[in-house]
Structures are given as structure tokens and as C-alpha cells.
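Here's the structure we're looking at; comments come further down.
What follows draws every value from the coordinates through simple rules; no lab data is involved. The structure presented is a predicted model; accordingly, all values stated were derived computationally and were not measured. For neighbour counting, all protein chains shown are included, and Cβ atoms are generated from backbone atoms with ideal geometry for every residue, glycine included.
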Amino acid sequence: MSKLFIADIHLGNEHPDISQRFVEFLHQQAPGAESLYILGDLFEVWIGDDAVQLEHQDAIQALRQLTDSGLPVYVMHGNRDFLLGQGFEAMTGCQLIKDPVVIDLFGEPTLLMHGDSLCIDDQEYQQFRNQLRSPAWQQQFLSAPIDQRVAIARKYRDESRSRSQNKSDEIMDVNAAAVIETMRKHGVTQLIHGHTHRPAVHEIEVDGKAAQRIVLGDWYSQNSSLLCDADGCQLSNLK
Ligand code: MN
């Protein structure tokens, strides 16, 4: 059997084709695996479990169908859908997992992350991240009326887009030292993450040991997925 990993699907009303591909994926590819891990940014934006947007209904129904069939689906928060909560778990049957988390991947302890916390060269973003992840900010945001939340989310997204345009590729990528330090801390030689939209398998070294950093691509154009079994992992595009 195999475990399947995806990230950065970015479901949203601007890209109905992605929702279609994602639902197809859940119907066709996912049932062949023993479990599915979604490592963050399943949704382009998530403003609370009580405010599910109409365009997400098909994806939510397909997730429900998959978990009802007995296939475990694990979902990690990304930088866009970090407000997924118990309501989402209840409606889909998915289980939220922490970022970071270590799993046993066919005998290999493997660290799973979304990846944004490794991009420490982007200090402005890390400050913004700390603000949005504080319980006080989240409580205040979630208690606002839905139309207000929609407006705030849109403002943040526009700001983030214009900020990103002025940043170099290096700043927006993971910091190599932070990767090593994080892997060392968790005692792993295998890391799987998304977020940067730069699918690749990086052969690295952690304290003299051969290690791997596997980066999942996004679903805007890459349709990236990773299939792991007892023989190893295969990163591929669906198309
Ligand atoms: Mn992300």
C-alpha cells in the first residue's frame, strides 16, 4: 500500500478548474492509497468553519465521500487556511494534524510541514504570520460578521501579492540552515513540505547523514503529488 501527499491546491472561486481536478483526484487516484496527507493551503482562503463558501461544496463532499469509504485524510494548516477547525473536521471527516509533525513513513521517521515557517529570510512575512497565528487575533477575526471577514481576507491577500512582487526568489524560499536545524531537532533525515511551489527532491546532509527534503508543487499548473511506499517516494505531476 502507499501513502499519498499533496499541498497547495489553493481551491477558490478564481480557479474552478482546480476544484474540478481536485475532485477527480479524490475520486480516481486517492482511493488507491492507504491514506492521504494534505500539507497546507488546500483552500486559497478559509475565513472560518461557519462561513463555508459555495465554491467549496464539491470538494467538501468529495472529501466526505473519501473518508466515509474508510480512507484516512490528514489535513495540515497552510498560511491561507490556518483557520480550519473542528467544524471542518466534522463536515469532511478529515483529521487536522499539527505543523510540524513526525510520522512513520514505512519505517522512516519523516517530518511533515507546510513550509512557510522555514522561510525565515522573509522577516516581514514571519511577523505577519505571528500576528495571524495569535489566539487573540483569531478570536477577534472569527467573531466578526462574515462579510467583514471576507473583506479583511481580501485585503490581506492583495497586500501579500504586492509585497511578494518586490521580493527576491531567495527571500521567498526556505532558509537552508533553518531546514537543517529543524530536521536535527526532530531527529529525522526526511522532510516533506510544500508552500514554495518549487517541486523537487533535494539531497542534503544532516550532521553527516544523507537526508532528503521533498518539496511538493502546487496545483495551479503543476498538479503535484507524492506517492510513497515501502520502496521509496515518487514525486510526480498528475498530467
Ligand atoms: Mn502556502
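For Phe106, the stated conditions do not hold, so it cannot be described as buried (at least 16 other Cβ atoms within 10 Å of the Cβ) and among the aromatic types (Phe, Trp, Tyr). Considering each residue of the stretch 52-93, count those that are within 16 Å of the ligand (Cβ to nearest atom) and not small (Gly, Ala, Ser), and give that number. Selection size over the stretch 52-93: 9. Of all the listed residues (Ser164, Ser221, Ser143), the sole one being of a type in the set (S, T, N, Q), without any contact (Cβ under 8 Å) to a residue 24 or more places away in the chain and within 21 Å of Gly85 (Cβ to Cβ) is Ser143.
Can you tell me which residue is nearest to Gln57 (Cα to Cα) among those in the stretch 1-19 that are away from the ligand (no atom under 15 Å from the Cβ) and not in a loop (DSSP other than H, G, I, E, B)? Only one residue tops the list, namely Ser19.
When Glu24 is tested against (1) surrounded by fewer than 16 Cβ atoms within 10 Å (Cβ to Cβ); (2) in a loop (DSSP other than H, G, I, E, B), only condition (2) is not met. Condition test on Ile47, is it within 16 Å of the ligand (Cβ to nearest atom), aliphatic (A, V, I, L, M) and over 26 Å from Ser225 (Cβ atoms)? So Ile47 does not fit the description; no.
Could you tell me whether Val188 is away from the ligand (no atom under 16 Å from the Cβ), part of a loop (DSSP other than H, G, I, E, B) and touching a residue at least 40 places away in the same chain (Cβ under 8 Å)? Yes, satisfied. If you check Ala151, Ala230, Ala200 for being loosely packed, with under 11 Cβ neighbours inside 10 Å and hydrophobic (A, V, I, L, M, F, W, C), only one passes: Ala230. State whether the residues of the stretch 145-158 include one that is assigned to a helix (DSSP H, G or I), over 26 Å from Ile60 (Cβ atoms) and within 16 Å of the ligand (Cβ to nearest atom). Within the stretch 145-158, not a single residue is assigned to a helix (DSSP H, G or I), over 26 Å from Ile60 (Cβ atoms) and within 16 Å of the ligand (Cβ to nearest atom).
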